[in-house]
Amino acid sequence: MKKIILVLVIALILSLTVSVVVFGAEKWASGVKIRFFVGGDPGDAFASIVYKGALAAAQDTGATVEYVFSGWSVEKMINQFGEAIAAKPDGIAMMGHPGDDAIMPLAKKASEAGIAVMYQNVDVPLVRAQYGGGYVGAILEPQGRALGEEAVRLLGLLPGDKALVWGAWGQPGRYIREESVALSLEKAGLIVRRIVSASEAAADPSLQIDTLTAAFLSEPETKLIAYSGGQTLGAAGMYMEAIGKKPGEVYNIGFDTSPAVIDAFEKGYVQLTSDQQPFLQGYLPILSLCLTKVYGFGPMFNDTGAGFVDTNNYKNVTEWAIKGYR
């Protein structure tokens, strides 16, 4: 009997020891060091979701992640990219907003230093073809084209109708999807006016009130306004009040979801948005870099474009948008 009890005690001790080893062990990517570009500033409607995804990935993998906030300034991103390379982390998750030409020489330095690089939100296909790296984000040209086509179909827009399209015109690589929206609307016969959006408006959408008001006064028959990001799309109600329009009198469409965008849907100011799931743009680049460093896997390429959110289905994502995941 004593032998049986002894065996059971030993078995219990071994079981507890194994449990401590397994559950107390370092996570599979502990020790991997990453610089992660969030894109905007802390609290930004889009960047905050990206950041949440990155934090979750760091927690799940055990990687040590340093977060870089850029206020959506491409000049700042480039300078910070150089600083990140000089710090010699194992991997860098870089926003692609500066474009192929600006990123190319720094990607070369990263490659020569043996630093794995992932890109998110805006693809840099020429850089990736030359120096490798993966991409996590929406595929911009077809995303923009599809949004314009869906707006025409869903909202019953007709040839001759007028539209205003916001975009970072003049910044190479930064207005691909917005130009695709404009071209698809023009293909359907709409008259499109392109308006330059300011990167600062991502943090303070009110900065675009005067520009929009002036544009609308010159085109008072405008039926559609397309915004370049969720930060400004979520402010559609403020813009409509500024030009004296009630919900639904002017259609507002754009990209991304957020609590503000969902609220604008609820109040009738927003009719359509293309969701690109920014949480994944935070989570997957870190996961990919860890897989590359630990197991030698190739970089991920993931289209996060999830389709459309409109007045018929926005309630399906409301809970997760309010919680900061969509």
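What residues have an amide H closer than 5 Å to that of ILE191, excluding those fewer than 5 places away on the same chain, when H is modeled at 1.01 Å from N in the peptide plane?
The list, which skips near neighbours in sequence, is GLY160, ASP161, LYS162, ALA163.
Take each of the peptides 253-261, 192-200, average the number of other beta-carbon atoms within 10 Å over its residues, and list them starting from the highest. Please report the intermediate quantities before stating the final value.
On the way: 253-261: 25.6, 192-200: 18.0.
With the highest mean Cβ count within 10 Å placed first, the list reads 253-261, 192-200.
Short version: ³J(HN,Hα) in whole Hz for each residue of segment 100-114, in order, from phi by Karplus 6.51 cos²θ - 1.76 cosθ + 1.60 (θ = phi - 60°), x for Gly and Pro, what are they?
These are the phi-based 3J(HN,Hα) values: 4, 4, 6, 7, 3, x, 6, 5, 4, 5, 5, 5, 5, 8, x Hz.
Which three extents, in angstrom, do the Cα atoms of the chain have along their principal axes, listed largest first?
For the chain, the Cα extents along the three principal axes come out at 91, 51, 30 Å.
Tabulate in residue order the Karplus-calculated ³J(HN,Hα) for segment 214-219, using 6.51 cos²θ - 1.76 cosθ + 1.60 with θ = phi - 60°, rounded to whole Hz; enter x for Gly and Pro.
5, 5, 6, 4, 7, 9
To make sure I understand the rule: partners must be lysines, Cα under 22 Å from the Cα of LYS187, and not fewer than 8 residues away in the same chain. Which ones qualify?
LYS162, LYS223
What is segment 35-135's relative contact order, in percent, from Cα pairs under 8 angstrom and six or more apart in sequence?
Taking the mean separation of contacting Cα pairs over the length of segment 35-135, I get 25 percent.
Name the long-range amide H neighbours of THR222: under 5 Å, sequence gap of 5 or more, or other chain; modelled H, no Pro or chain starts.
Placed amide hydrogens put nothing under 5 Å from THR222.
When the chain is modelled as a GNM with alpha-carbon springs shorter than 10 Å, which of PRO205, PRO172, PRO98 fluctuates the most?
PRO172
Counting only other residues whose beta carbon sits under 11 Å from that of PHE308, what net charge do I get with K and R as +1, D and E as -1?
Working: positive: ARG153; negative: GLU149, GLU150, ASP275, ASP310.
Once all neighbours under 11 Å are counted, the net charge is -3.
Over what distance in Å are the Cα centres of segment 98-162 and segment 183-211 separated?
19
Can you tell which of LEU272, PRO247, SER180 lies farthest toward the positive end of the dipole of segment 140-275, using +1 and -1 charges on the Cβ of basic and acidic side chains (Lys, Arg; Asp, Glu)?
The listed residue farthest towards the positive side: SER180.
Modelled label-to-label distance, ASN313 and ALA87, 7 Å Cα→beta-carbon offset: nm?
So the two model labels end up 3.9 nm from each other.
Please state the relative contact order of the chain as a whole percent: Cα pairs under 8 Å, 6+ residues apart?
20
Which one, TYR251, TYR135, TYR295, has the greatest fluctuation when you compute a Gaussian network model over the chain with C-alpha springs under 10 angstrom?
TYR295
Relative contact order for segment 140-275 using alpha-carbon pairs under 8 Å, separation at least 6, rounded to a whole percent?
23
For THR213 and ARG193, calculate 0.36 nm times their separation in residues minus their Cα-Cα distance, and state this gained length in nm to one decimal.
This chain segment gains 5.8 nm when fully extended.
Under 24 Å Cα-Cα from LYS33, which lysines qualify once same-chain neighbours fewer than 8 residues away are excluded?
Filter leaves LYS52, LYS76, LYS88, LYS108, LYS109, LYS293.
Compute the separation of the alpha-carbon centres of segment 283-304 and segment 167-182 and state it in Å as a whole number.
28
Compute for segment 140-275: radius of gyration divided by Kirkwood radius, i.e. Rg/Rh, restricted to C-alpha atoms, rounded to two decimals.
Dividing the radius of gyration by the Kirkwood radius yields 0.92.
Going by amide H atoms built from the backbone, whose H comes under 5 Å of the H on ALA93, apart from near neighbours?
Distant-sequence amide H within range of ALA93: ARG35, PHE36, PHE37, MET118.
Quick one: net charge of SER180's neighbours, Cβ under 11 Å, K/R +1, D/E -1? Walk me through the numbers before you get to the answer.
Details: positive: ARG145, ARG177, LYS187; negative: GLU141, GLU149, GLU178, GLU179, GLU186.
Neighbour charge sum, excluding SER180 itself: -2.
On the Cα set of segment 59-142, report Rg and Dmax in Å, please.
According to the Cα coordinates of segment 59-142, Rg and Dmax are 12.3, 36 Å.
Please compute the net charge surrounding GLU149, taking Lys and Arg as +1 and Asp and Glu as -1 over other residues with Cβ under 15 Å from its Cβ.
With Lys, Arg at +1 and Asp, Glu at -1, the neighbours total -3.
With the cut-off at 1.5 for a/c, could you classify segment 21-111 from its C-alpha gyration tensor as rounded, prolate or oblate?
The shape class here is oblate.
Calculated from DSSP H runs of 4 or more alone, at -39500 (n - 2.57) each and per residue, what is the 222 nm mean residue ellipticity of the chain, nearest 500? Working shown, then result.
Details: 13 runs with 155 residues, N = 326.
After summing the helix terms and dividing by the residues of the chain, the value is -14500 deg cm²/dmol.
Per-residue HN-Hα couplings for segment 304-310, Karplus 6.51 cos²θ - 1.76 cosθ + 1.60 at θ = phi - 60°, whole Hz, x for Gly and Pro?
Couplings: 8, x, 9, x, 10, 10, 9 Hz.
So which aspartates and glutamates pass the test for LYS27, namely a Cα distance under 13 Å, with those fewer than 8 places away in the same chain ruled out?
ASP60
No value in this document is a laboratory result; all are computed from the given coordinates. These figures come from a predicted structure and were not determined experimentally. So basically every Cβ, Gly included, is an ideal-geometry build from the backbone, and we count neighbours across all protein chains shown.
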